[in-house]
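What follows is a short report on a single structure.
Where a number appears in this text, it was derived from the coordinates with a stated rule and is not lab data. The model shown is predicted, which means the values in this text are computed figures rather than measured ones. Don't worry about glycine lacking a Cβ; one is built from the backbone with ideal geometry, like all the others, and counts go over all protein chains shown.
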Amino acid sequence: MIRLLLSLALLLSLAASARADQATDARVHYEAGQKHYDEGRYDEAIAEYKLAYELKPHPNVLYNIAQAYERLLEYAQSVTWFERYLAEAPPDAEFRTIVANRLRILRGLPARVSVTTIPEHVHARVTSGDRAFEGDTPFVFKLPAGDYEIALEQKGWEPERHTLHAELGQPYFYQYRLKRSTSQVTIFTRPRGSRVFIDDKLVGETPFSDSVEVGKHRLLLEHPEYPWYRQDLDVRASEPSKLEVKLRRPVRSGRTELVLASMVYGGVAGPMLVAALSTDTKFISTSGGLATLLVSSAAGLGLGFLGSFLTTRDGIKVGHSSLIIGGGTWGTTFGAALALGLKVPNQYIFAMSLLGGALGITSGALVSRWWDIAPGTSAIVNSGGFWGTGAGVLLAQAIFRNPGADQFGWFALGGTTLGVLSSSLIAWKVDHTRGHVFLVDVGGLAGSGLGFALGYAVGANSTSDNAVQAGARYALGGMALGILAAAVLSRNYKGDLPPTEALLIRTPSSRWAFGLPKLSVEPAVTPEGTSARFVLTLAKGTW
């Protein structure tokens, strides 16, 4: 019995000693926490306070922990420890009233949520259940603690939705970069294969179809054989855009060819005018007459240059210049042929030639002023006059063994008139390019040359035929066959493959073509400006 009592006494003594040691350790940790708190090291203070509370729980330690969390701006933790203080502290605790007031204030602290966006002025709507807060960015929302969803909307930009969590009194910073709304853009070009640049960025080649950001853009289409095409592109949301562009070559000016032709015409018209005004048939053979002709030719050259150059300062379309040149040529031919047919003196032949040329030039200029004549139309009319005149001369040689000047004149007059009138009707109904007409003319020249050579050979070996007369007959047939064959072979000619295309047909949907070698000077459009470039085309076409 005595031993039992001694053992119990020893246990009580050890327990009391342990409690005394815990109290001592708790006070050590508490005092260390107080020191850290006073020095502003709140994280270390909280750790020491918690150790002290574990060793010896006391409401005042909870109060100190809550205070330290409040200093750290961790208001949610502060509220939690203040609530524990109220739960464990006796009703008459000295800090109960203070803690209750602090809790009321802390629970009402809003989180400050700063929302910025790129671009700015985006409408933001923050929702949580039935609560909603709205504003245009940049905006600072004051939100009660909780979980929220933020919706961002702006016209022309893709809407976005994000979740966010807000704690009591905490600051938050959110930045969102919105994506542009896109819409489908489709671009076709003729010819195809143009590089597509949107806002100076290469995005593909035509035919092009892709999603493009909504808004205004700069469109650039680049083709190696055409000037750059620029256009403002307005892409709208939910409105697919379709663009069809026909690239056009630079409008060629006929000023150069008109000036050169005027100088040639003036150089010839000057001496003709002198001859028309001179009554002495031997004047030309004298030294003074020759000098007069040279001076008049030089004067005609100068007047032709000045007249054509000064009247076309703003340029002139190729179709107009070609028609004026052709009008002067066929008018002169008409006047000369009529004078030869009438057997008038040489003086009047020159005068009638000049009068016909003047009337032809005036007619061409008036027609060009009233109508917009295409280059191909002028080419058809001029080609008709050329072949009509040539056919008339050949026909006279084919009919008469030794035709006189009057016979040549009447046949040339009829051929020129018939050729110009018939080609004018054809040009009125048919639309062709100069290149196409050139192909037909080449065919006619080739046929005429081969026919004349063949006929001359046949006539030279025959005792009954005149070689030249036989050559003229065969040349007429070769001319007709050459023109017809060239017209048939080049019926699928397209101007986008200069200078020739579709001389042979492979299938209805594809063509064989071969371009003749060609050296040209073309404008090259670069970002720095326009400059000249030399282009040598050796072979070109669709194979």
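Please go through the residue pairs Lys155/Lys201; Lys246/Lys317; Lys179/Lys216 and name each one whose alpha carbons sit more than 22 Å apart in this structure.
Violating the 22 Å limit, Cα to Cα: Lys155/Lys201.
Compute the Cα gyration tensor for the range 256-491, then decide on rounded, prolate or oblate, letting a ≥ b ≥ c be the square roots of its eigenvalues: rounded whenever a/c is under 1.5, prolate when a/b is larger than b/c in the other cases, and oblate in all that remain.
Because a/c hits 1.5 or more and a/b fails to exceed b/c, the range 256-491 counts as oblate.
Based on the Cβ-Cβ distance of Val458 and Leu277, what FRET efficiency does E = 1/(1 + (r/R0)^6) give at R0 = 41 Å, to the nearest 0.05?
0.30
Using a Förster distance of 25 angstrom, determine the FRET efficiency expected from the C-beta separation of Ser114 and Glu153, and round it to 0.05.
According to the calculation, E is roughly 0.85.
Could you work out how much longer the chain between Asp130 and Ser238 gets when fully extended? Use 0.36 nm per residue separation minus the Cα distance between them, nm to one decimal.
Residue separation times 0.36 nm, minus the Cα-Cα distance, leaves 35.7 nm.
Given 0.36 nm per residue, what is the gain on full extension from Leu73 to Arg104 after removing their alpha carbon distance, in nm?
This chain segment gains 9.6 nm when fully extended.
Using a 10 Å cut-off around each Cβ, can you sort Trp330, Trp428 from fewest to most neighbouring Cβ atoms?
Placing the least packed residue first, the sequence is Trp428, Trp330.
What nm value, rounded to one decimal, do you get for the distance between Lys142 and Ser422 when each label is placed 7 Å out toward the C-beta?
Inter-label distance under the simple model: 9.8 nm.
With r as the distance between the Cβ atoms of Glu167 and His58 and R0 = 41 Å, compute the FRET efficiency 1/(1 + (r/R0)^6) and round to 0.05.
Once the sixth-power term is evaluated, E becomes 0.90.
Only Lys, Arg, Asp and Glu count, each charged at its Cβ (+1, +1, -1, -1), so figure out the dipole size of the range 22-178 about its Cα centre, rounded to 20 debye.
Computed charge dipole of the range 22-178: roughly 240 debye.
Determine the dipole magnitude for the range 111-177: charges of +1 sit on the beta-carbon of Lys and Arg, -1 on that of Asp and Glu, nothing else is charged, the reference point is the Cα centre, and the result goes in debye to the nearest 20.
120 debye
So how do 357-368, 23-34 stack up, highest first, on mean other-Cβ count within 10 Å?
Per-residue Cβ counts within 10 Å, averaged per peptide and sorted highest first, yield 357-368, 23-34.
In nm, to one decimal, how far is the modelled label at Trp371 from the one at Asp431, with both set 7 Å along Cα→Cβ?
1.4 nm
If you take every residue apart from Pro90 with its C-beta less than 15 Å away from the C-beta of Pro90, what net charge results, scoring Lys and Arg +1 and Asp and Glu -1?
Charge balance near Pro90 sits at -1.
Taking neighbour counts of Cβ atoms within 10 Å as a proxy for exposure, in what order, fewest first, do Thr256, Thr312 appear?
Thr256, Thr312
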